[in-house]
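Colleague: One structure, as structure tokens, below. Some questions next.
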Amino acid sequence: MSKRSIVPTDAIVAGVDVSKARLDVVLWPQGESFSVDNDAAGWRILRQRLQAAGAWRLGLEASGGYERGVVAAFIDGGLDIVMLQPLQVRAFARFRGQRAKTDRIDAALIAECAAQAESRTRERPVECQKAADLLALYEQTAADLARLRNRLERFRDGELADLLTQPIAYLKAFRQTLLGRLRRLARANNSLAHRVALLQSIPGVGFLNAISLAARVPELGEMTRQQAAALLGLAPFNRDSGAWQGNRHIAGGRARPRRLLYMAAVAAARCDPAMSTFYRRLVAKGKPHNVAIVAVMRKLIAAANAVIKRDTPWVPAAP
């Protein structure tokens, strides 16, 4: 993870509001605006315009994958790239008192926000992006399957139940097909296979958790354990004011790998002696179940960061 880049006082920052077909661009601080198509030809025009303007940084907002092409086109182009989350941009708009919303206004907000943000964007390796996309489809299929199974329980009519068993059987087979593709993808790439194997050495971390962390958190091994926890939204935040001290809560972060890591933590708390002892000690101190499980999750992501950084499998602590 790269360190914060200091924005030169005379720097020009380009803010890009991304949609499926178009990129709306505003140059900060002068306010010049233009639009290009969100395709290879549009990216070339955008590169020429930014070079001519002497732009130093490019800011974008995550937009459901529509930003991937422009990020890939610019990642090695000499521009400092900042990927902002929608919540960051909306919070910045509220801070500015900006209620109006258009593509051009959003691009201007992104540019000004990016000028003050930390630069840490890098292009995800191709094999990681493929694995992340397959994982997303696998998880969506599992969610569809769960919804149909819940629906099936509501019907007592045999004919209606039979109608539901057909798509359920199809989704179960499709889910297995996706899992097979994920395994083949992991085996086909030596780097990805190595990272998955390292991560699977950690107690409670199975194949799906391992490939989720490898594909969705490529920064593992380049961070501190505190940064790794914060990246997945597992770092507790203080809520204090004066003499009042509120409960600490986790927030933000990458939700998809965090959801899978929760299941790994539950398994580790049950089956791994060290994690089970740690979990029971927290519960004995009065910590609620979920608080104790989140603490186990923090230990697991710290372990994941450590095995990738050391490039050696997990070694259990001596009894």
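Colleague: Probe 1.4 Å, all protein chains in place: accessible area of K130 in Å², nearest 10?
Modeller: Approximately 120 Å² for this residue.
Colleague: Here's another thing I want to ask about it. In Å³ and rounded to a whole number, note down the convex hull volume per residue for the Cα atoms of segment 74-200.
Modeller: 204 Å³
Colleague: What percentage of the solvent-accessible surface of the chain, computed with a 1.4 Å probe over protein heavy atoms, is contributed by carbon and sulfur atoms?
Modeller: The value for the chain is 53 percent carbon and sulfur by accessible area.
Colleague: Relative to the first principal axis of the alpha-carbon coordinates of the chain, what is the inclination of helix 126-154, with its axis defined by its Cα atoms, in degrees from 0 to 90 and to the nearest 10?
Modeller: 50 degrees
Colleague: Principal axis lengths of the chain from Cα atoms, whole Å, largest first?
Modeller: Largest first, the chain extends 60, 59, 45 Å along its Cα principal axes.
Colleague: For a bin width of 5 Å, list the pair-distance distribution of segment 11-97 built from all Cα-Cα distances, rounded to whole %.
Modeller: Reading upward from the zero bin: 3, 14, 27, 28, 18, 8, 2, 0.
Colleague: Which of these, A41, A114, A72, has the largest mean-square fluctuation under a Gaussian network model of the chain (Cα springs below 10 Å)?
Modeller: Greatest mean-square fluctuation among the candidates belongs to A41.
Colleague: Looking at Q88, A55, L208, which one has the Cα that reaches farthest to the positive end of the dipole of the chain (charges on Cβ: Lys, Arg +1; Asp, Glu -1)?
Modeller: Of the candidates, L208 comes out farthest on the positive side.
Colleague: Mind checking segment 154-211 for trypsin sites (Lys or Arg not before Pro) that DSSP puts in a loop (not H, G, I, E or B) and that have at most 14 other Cβ atoms within 10 Å?
Modeller: For trypsin sites (Lys or Arg not before Pro) across segment 154-211 that sit outside H, G, I, E and B with at most 14 neighbouring Cβ atoms in 10 Å, the list reads R156.
Colleague: Roughly how far apart, in whole Å, are the Cα centres of segment 131-190 and segment 80-120?
Modeller: First find each Cα centre; the distance between them is then 38 Å.
Colleague: Can you compute the charge dipole magnitude of the chain about its Cα centre, using +1 on each Lys and Arg Cβ and -1 on each Asp and Glu Cβ, nothing else charged? Give it in debye, rounded to the nearest 20.
Modeller: Once rounded to the nearest 20, the dipole reads 1240 debye.
Colleague: Before I look further, what does the chain give for accessible area per residue, probe 1.4 Å, in whole square angstrom?
Modeller: Heavy-atom SASA per residue in the chain reads 56 Å².
Colleague: Then there's this: How would you rank 91-99, 11-19, highest first, on the average number of other Cβ atoms within 10 Å across their residues?
Modeller: Ranking the peptides 91-99, 11-19 by packing returns 11-19, 91-99.
Colleague: Follow-up question, since we're still on this one. Straight-line reach from K130: which lysines fall under 28 Å, measuring Cα to Cα and dropping same-chain residues less than 8 apart?
Modeller: Hits, sequence-local ones excluded: K3, K20, K172, K299, K309.
Colleague: Let me ask something else. For n ≥ 4 DSSP H runs only, could you compute -39500 (n - 2.57) per run for the chain, divide by its residues and tell me the 222 nm figure to the nearest 500?
Modeller: When only DSSP H runs of four or more count, the value is -19000 deg cm²/dmol.
Colleague: Among E159, E139, E112, determine the one that fluctuates most according to a GNM of the chain built with springs between C-alpha atoms less than 10 Å apart.
Modeller: Between E159, E139, E112, it is E159 that shows the largest mean-square fluctuation.
Colleague: Let me ask you something else. How would you classify segment 261-319 from its alpha-carbon gyration tensor, with a ≥ b ≥ c the square roots of the eigenvalues: rounded for a/c under 1.5, else prolate if a/b is greater than b/c, otherwise oblate?
Modeller: Because a/c hits 1.5 or more and a/b exceeds b/c, segment 261-319 counts as prolate.
Colleague: Let me ask you something else. Quick one: helix 40-53 against the long Cα principal axis of the chain, what's the angle to the nearest 10°, folded into 0 to 90?
Modeller: Approximately 50 degrees, to the nearest ten.
The values are calculated or read from the model by the stated rules, or taken from the named source; none is laboratory data. Given the structure is predicted, the values throughout are model-derived calculations rather than measurements. We place every Cβ from the backbone using ideal geometry, glycine too, and count neighbours over all the protein chains shown. Please note that ligands, DNA and RNA were not included when accessible areas were found on the heavy atoms of the full protein model with its side chains. Shrake-Rupley method; radii C 1.70, N 1.55, O 1.52, S 1.80 Å.
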